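Asker: Please find one structure pasted underneath; my questions will follow.
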Amino acid sequence: MEAVDGNAIGGLLVEVFGTEMTGAATVCGNCGDARPVAGLAVYLRAPGTIVRCRTCDSVLMAFVTVRDRMCVDLLGLAVLG
Amino acid sequence: MAGTALRRRLIWQVAKVSAVTTETASVRTLTLDVPDWPGHQAGQHLDIRLTDEDGYVAERSYSIASAPGEPVAITVERLEDGEVSPYLTDELRAGDDLELRGPIGGYFTWEPEDGGPLLLLAGGSGVVPLRSILRYRERTGSAVPVRLLYSSRTLDDVIYRAELDQPARGVEVIHALTRHQPPGWAGYARRVDAALLGEVAWPAAEMPLAYVCGPTSFVEAVSQALVQSGYPPERVKTERFGATGGT
């Protein structure tokens, strides 16, 4: 499956964080690659939504909706904001 | 950036289609009457949600085609195996309702004070948010010089062709047709690569600001070539859509 980029989850991120996040800075917890959310690799139908580092391919964020409840995993990130 | 963005709840709302414009054989522009629209920035997108009779929901993102201050419009390319786009391009008529939320995104946006010169690079329907930027530049009376390099398969696939044939003062539109060219075609007839960018792009020394939007392969190739030619990565804004994506 081809990745899109972080722009594609701008709406989802507003749902989760309550504010615009595509311009927010990120740092990969594995390799230290730094870039805005907009530049990350996003897989929309994984199932759930998976966000990976463009450099080392580590999973940075995962969003999965289970019975109307969204589960968010940000453990792959060293920095977000 | 996140800290400066306005905090506004992003809610789904029902808009009405006010006009459907045929751009190419597979592309339509939908002009929308959105009752509660807070205004948008050039380059932003919105999410569309379709719900079928069984409750199955499909969401897609589409770039906003109109300038801030103009009625909201999106331009949609029909993907043959798409879940959403064939409905938007083939079924929707003026007067129909459409569920959406937006505007969304604060990264791939341009304001006149961001300056330039601007280098806009479009692959296929990636031209949509760049058209919003072009129209906004004209509406605000900005004199920032612009070059738009637009890659399409054939001349018939060029979206906004009539509009782009009469660019505003200070705007150059350069076409590349990758698959088929009409007789006597004087423009580029190949894919956008480092050599072509070397002929078209502003020199890095002029501190240009680049916006690249298109399929992933196009965006990767173009943005890497620009950075290798000396553009600082933070001056190359990218928006990729996959083979099945909307934005």
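Asker: Out of all the residues in the stretch B:117-146, which are under 19 Å from B:Ala201 (Cα atoms), surrounded by fewer than 20 Cβ atoms within 10 Å (Cβ to Cβ) and not small (Gly, Ala, Ser)?
Answerer: Matches in the stretch B:117-146: B:Pro117, B:Val144, B:Pro145.
Asker: Another question about this same structure. So B:Gln224 passes all but one of these: (1) within 26 Å of A:Asn7 (Cα to Cα); (2) more than 14 Å from chain A (Cβ to nearest Cβ); (3) polar (S, T, N, Q). Which condition number does it fail?
Answerer: Checking B:Gln224 against (1) within 26 Å of A:Asn7 (Cα to Cα); (2) more than 14 Å from chain A (Cβ to nearest Cβ); (3) polar (S, T, N, Q), the one that fails is (2).
Asker: Got a number for residues in the stretch A:58-70 being more than 14 Å from chain B (Cβ to nearest Cβ) and in contact (Cβ under 8 Å) with a residue 12 or more places away in the chain?
Answerer: Final tally of qualifying residues: 6.
Asker: I've got another one for you. Quick one: how many residues across the stretch A:1-21 are within 7 Å of chain B (Cβ to nearest Cβ) and outside any helix (DSSP H, G or I)?
Answerer: Taking the stretch A:1-21 as the starting set, the residues that turn out to be within 7 Å of chain B (Cβ to nearest Cβ) are A:2-5, A:7-8, A:10-11, A:14-15, A:18-21.
Adding the requirement that they be outside any helix (DSSP H, G or I) leaves A:2-5, A:18-21.
Counting residues in the stretch A:1-21 that are within 7 Å of chain B (Cβ to nearest Cβ) and outside any helix (DSSP H, G or I) gives 8.
Asker: Okay, moving on. Name the pairs: first residue in the stretch B:92-120 and within 12 Å of chain A (Cβ to nearest Cβ), second residue basic (Lys, Arg) and buried (at least 16 other Cβ atoms within 10 Å of the Cβ), Cβ to Cβ under 6 Å, at least 6 apart or on different chains?
Answerer: From the stretch B:92-120, the pairs are B:Phe108/B:Lys237.
Asker: Then there's this: Within the bounds of the stretch B:38-60, is there any residue that is within 30 Å of B:Val200 (Cβ to Cβ) and either assigned by TED's automatic domain parsing to the domain that holds B:Pro233 or surrounded by fewer than 16 Cβ atoms within 10 Å (Cβ to Cβ) (or both)? Steps first, please.
Answerer: Within the stretch B:38-60, the first condition is being within 30 Å of B:Val200 (Cβ to Cβ), and the residues that meet it are B:40-45.
Those left that are additionally either assigned by TED's automatic domain parsing to the domain that holds B:Pro233 or surrounded by fewer than 16 Cβ atoms within 10 Å (Cβ to Cβ) (or both): none.
No, that holds for no residue.
Asker: Same structure, new question: Any idea which of A:Ala78, A:Ala38, A:Ala46 is more than 23 Å from B:Pro215 (Cα to Cα), in contact with a strand residue (DSSP E or B) (Cβ under 9 Å, 6 or more places away or on another chain) and free of Cβ contacts under 8 Å to residues at least 60 places away in the same chain? Before the answer, list the steps.
Answerer: Details: A:Ala38 fails: more than 23 Å from B:Pro215 (Cα to Cα); A:Ala46 fails: more than 23 Å from B:Pro215 (Cα to Cα).
That would be A:Ala78, the only listed residue that is more than 23 Å from B:Pro215 (Cα to Cα), in contact with a strand residue (DSSP E or B) (Cβ under 9 Å, 6 or more places away or on another chain) and free of Cβ contacts under 8 Å to residues at least 60 places away in the same chain.
Asker: Somewhere in the stretch A:29-41, is a residue polar (S, T, N, Q) and within 13 Å of another protein chain (Cβ to nearest Cβ)?
Answerer: No, there is no match, as no residue in the stretch A:29-41 is polar (S, T, N, Q) and within 13 Å of another protein chain (Cβ to nearest Cβ).
Residues checked against (1) away from every other protein chain (no Cβ under 12 Å); (2) within 28 Å of A:Gly81 (Cβ to Cβ); (3) within 19 Å of the chain's Cα centre (by Cα); (4) not aromatic (Phe, Trp, Tyr):
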site: B:Ser18; (1), (2), (3), (4): yes, no, no, yes
site: B:Gln44; (1), (2), (3), (4): no, yes, yes, yes
site: B:Val57; (1), (2), (3), (4): no, no, no, yes
site: B:Val72; (1), (2), (3), (4): yes, no, yes, yes
site: B:Glu77; (1), (2), (3), (4): yes, no, yes, yes
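Conditions tested, residue by residue: (1) small (Gly, Ala, Ser); (2) modelled with pLDDT of 95 or more; (3) exposed (fewer than 12 other Cβ atoms within 10 Å of the Cβ).
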| site | (1), (2), (3) |
| --- | --- |
| B:Asp157 | no, yes, no |
| B:Ala162 | yes, yes, yes |
| B:Asp165 | no, yes, yes |
| B:Ala168 | yes, yes, no |
| B:Val173 | no, yes, no |
| B:Thr178 | no, yes, no |
| B:Trp185 | no, yes, no |
| B:Ala189 | yes, yes, no |
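Asker: Condition check: within 12 Å of another protein chain (Cβ to nearest Cβ), buried (at least 17 other Cβ atoms within 10 Å of the Cβ) and free of Cβ contacts under 8 Å to residues at least 12 places away in the same chain. Does A:Thr26 satisfy that? Please lay out each step first, then the result.
Answerer: Values: within 12 Å of another protein chain (Cβ to nearest Cβ): yes; buried (at least 17 other Cβ atoms within 10 Å of the Cβ): yes; free of Cβ contacts under 8 Å to residues at least 12 places away in the same chain: no.
Judged against the criteria, A:Thr26 is not a match.
Asker: If you don't mind, another one. Based on what the data block shows, is B:Gly126 under 23 Å from B:Thr22 (Cα atoms) and within 14 Å of chain A (Cβ to nearest Cβ)?
Answerer: Working: under 23 Å from B:Thr22 (Cα atoms): yes; within 14 Å of chain A (Cβ to nearest Cβ): yes.
Taking the combined requirement at face value, the residue satisfies it.
The values are calculated or read from the model by the stated rules, or taken from the named source; none is laboratory data. Remember, it's a predicted structure, so these values are computed and weren't measured experimentally. Every residue, glycine as well, gets a Cβ built from its backbone with ideal geometry; the counts of neighbours run over all protein chains shown.
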